[in-house]
Each structure stands twice: as C-alpha cells, then as structure tokens.
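Throughout, read-outs are computed from the coordinates displayed, never taken from laboratory work. Bear in mind that the values here come from a model prediction, so they are computed numbers and not experimental data. Quick reminder, even Gly has a Cβ in these numbers, built from the backbone with ideal geometry, and neighbours come from all protein chains shown.
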Amino acid sequence: MKSREKAGAVTFKGKPMTLLGEDVLVGSEAPDFQVVDTDLKPVTLKDTAGKVRLITVVPSLDTGVCDKMTRTFNEKAAQFPDNVEIYTVSMDLPFAQKRWCGNAGIEKVKTLSDYQDRSFGLNYGVLIKELKLLARSVFVIDPQDKVAYREIVPEVTDEPDYEAALAQVKKLI
C-alpha cells in the first residue's frame, strides 16, 4: 500500500516537511494501530475499547518541547478518572521511553513506541517522510472509537493547544 503524501503539511524549524498517511478527521472512525509499550508488549486501539483515549504524539521525548508536552499532559491527566487512557506515542525506542518516564516521574501517561511498523504514524497521517519521526499532534478518541478531536501542530517545534484537547476529554467523561 502506497502512503498518501502531503507535501508542506507541517514545518520543522521553518522548513516544509511531508506527512505520510491518510488524514484522520474529527467524526471519522479512529484507525487501529499496533505499537509497543515500554515492556515491548503490543498495544492497539482495541485494547482500550469503551474508554476515552487522549493520544499525544511527539517526535522524541528527549527534546525540550516534547518533554514539556508530556509532563504537562501527565500533570493535567491526574484529574481524569480511570475510564480515560492517556498515551504519548513517539518513534523513541521503548527502552529510552521507560528510562525517560522513570527520570521524569511520569505515571499517568503511558508511552508507546511506533518504531516497529510505523502503523500509528501512517494510519493517523503524522509520519514525517524526511525525518522518519512523528509530527507533534493530539487526538482524542471517544468510547465508540470516533475521533472527537484532532490537532496537527503546524510547526513541529511548537506546543499544542493543551486546553482545547483537555476540554474535549472533559466533554466525553
């Protein structure tokens, strides 16, 4: 299957980048994916069926903006009940994610790695062709597996709209 290319869909430090994959729009069925957790166990969208999912996507946890974004969502997520799953997906290796989470005290957000198949990046249209990293983005998936919120940050080095994503989660719980 050839991935759809969206040239200039985002920029990285001002330079236009190409996103691979299909557009995922609000109201559409959320595509499934297979990533791995920090213990190399497969994780799919179906594993959390019936829950609200806040999926944050970062290029690499070992960078300033990605670090801040994940810490911010971890702090804000502490207020959510158990029927909300919060994931951060990146291309970082699971071992690096586990080390980073331990050092950063991340407990509510679960980190997932898309390094094996890039299925999340391609299925959600956020794989950066030139960098082989994921574009900074946020998705909220409702309990019926519909996309309730989507933000692909235009400049990869900028932060997302935290409040808009969190407000959407609150509407669903």
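With neighbours defined as other Cβ atoms within 10 Å of a residue's Cβ, the residues Ser113, Ser119 order from fewest to most as Ser119, Ser113. Across Tyr149, Tyr115, Tyr162, mean-square fluctuation computed from a Gaussian network of the chain (C-alpha pairs under 10 Å connected) peaks at Tyr162. An oblate overall shape is assigned to segment 50-140, the ratio a/c of its alpha-carbon gyration tensor axes (a ≥ b ≥ c) being 1.5 or greater and a/b not exceeding b/c. Among Phe33, Phe80, Phe95, sorting on how many other beta-carbon atoms sit within 10 Å of each Cβ, with the fewest leading, yields Phe95, Phe80, Phe33. The charge dipole of segment 12-64, taken about the Cα centre with unit charges on the Cβ atoms of Lys, Arg (+1) and Asp, Glu (-1), comes to about 180 debye, rounded to the nearest 20. Across the cross-link table entries Lys51/Lys170; Lys51/Lys132; Lys41/Lys170; Lys76/Lys110, which are compared at the Cα atoms, the separations over 18 Å belong to Lys51/Lys132; Lys41/Lys170. If you take all other residues with their beta carbon under 10 Å from the beta carbon of Cys101, and give Lys and Arg +1 and Asp and Glu -1, the sum is +2. The trypsin sites (Lys or Arg not before Pro) found in segment 1-34 that occupy coil by DSSP, while having at most 13 further C-beta atoms within 10 Å, are Lys2, Arg4, Lys13.
The ranking of Val35, Val153, Val26 by Cβ neighbour count inside 10 Å, starting from the fewest, reads Val26, Val153, Val35. Backbone N atoms of segment 131-173 closer than 19 Å to the 7 Å Cα→Cβ label point of Ala78 belong to residues 162-163, 166-167, 170. Between the alpha-carbon centres of segment 38-113 and segment 120-148 there is a gap of 14 Å.
For segment 86-103, backbone phi angles converted through the Karplus equation (6.51, -1.76, 1.60; θ = phi - 60°) give residue-by-residue couplings of 10, 10, 10, 10, 8, 8, 4, 5, x, 5, 5, 4, 4, 4, 4, 4, x, 5 Hz, Gly and Pro being listed as x.
Here the extension length gained between Leu40 and Asp161 equals 40.5 nm, from 0.36 nm per residue of separation less the Cα-Cα distance. Per residue, the average separation of C-alpha pairs within less than 8 Å and at least 6 apart gives segment 1-135 a relative contact order of 33 percent. Only Lys, Arg, Asp and Glu carry charge here, each on its Cβ (+1 for the first two, -1 for the last two); on that basis segment 20-173 has a dipole of about 260 debye about its Cα centre.
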